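The values are calculated or read from the model by the stated rules, or taken from the named source; none is laboratory data. As the structure is a prediction and not an experimental result, all values here were calculated from the model. Neighbour counts run over all protein chains shown; Cβ positions are idealised from the backbone, glycine included. Ligands, DNA and RNA are excluded from the accessible area calculation, which covers all protein heavy atoms including side chains. Shrake-Rupley method; radii C 1.70, N 1.55, O 1.52, S 1.80 Å.
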Amino acid sequence: MQFAITYRRRPNITDEETRRLLRIFMAWTPPPGVELLAHYHFARGGGGIVILEAEAASALFEAMTAFDTIIEYDAEPVLNVIDAVAIKMDIDAWVSSLGTKSRN
């Protein structure tokens with residue numbers, strides 16, 4: 001399953017904690033069951049977004065845990081927009097076939 005993970009530094013972290021975070025990041029590799037697809041840092045600083053594929057919740061948890069004392073996360077499952085539109089259209093057609101009001 002693919003996830004978009006936005007992250008930001010926790011408030012009030014020290015310069016030493018920031019240096020520690022960089023050391024951890026430079027040594028980190030994705031655990032088994034996690035494939036990093038994209039990683040972007042926000043131009044304003046202080047955070048970014050990661051797109052990854054995780055085979056299991058435990059793999060996602062392992063990937064994020066190395067940083068969680070310094071970084072806060074929001075993880076959201078995502079899918080390709082073409083797939084999402086096709087699913088939405090199929091569900092809307094099914095609901096319409098039942099003769100019920102639209103779900104707008």
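Check THR69 against each of (1) surrounded by 14 or more Cβ atoms within 10 Å (Cβ to Cβ); (2) over 24 Å from ALA84 (Cα atoms); (3) in contact with an Asp or Glu (Cβ under 9 Å, 6 or more places away or on another chain) and name the one condition it does not meet.
The failed condition is (1).
Please verify whether the range 37-51 includes one or more residues that are open to solvent by 40 Å² or more (accessible area, probe 1.4 Å), at pLDDT below 95 and either in contact with a helix residue (DSSP H, G or I) (Cβ under 6 Å, 6 or more places away or on another chain) or polar (S, T, N, Q) (or both).
Among the residues of the range 37-51, not one is open to solvent by 40 Å² or more (accessible area, probe 1.4 Å), at pLDDT below 95 and either in contact with a helix residue (DSSP H, G or I) (Cβ under 6 Å, 6 or more places away or on another chain) or polar (S, T, N, Q) (or both), which makes the answer no.
Restricting attention to the range 9-48, report how many residues are in a helix (DSSP H, G or I) and more than 16 Å from ALA66 (Cβ to Cβ).
2
Quick check on my filter: what residues within the range 75-99 are of a type in the set (D, E, K, R) and surrounded by 12 or more Cβ atoms within 10 Å (Cβ to Cβ)?
The answer is ASP92, and nothing else.
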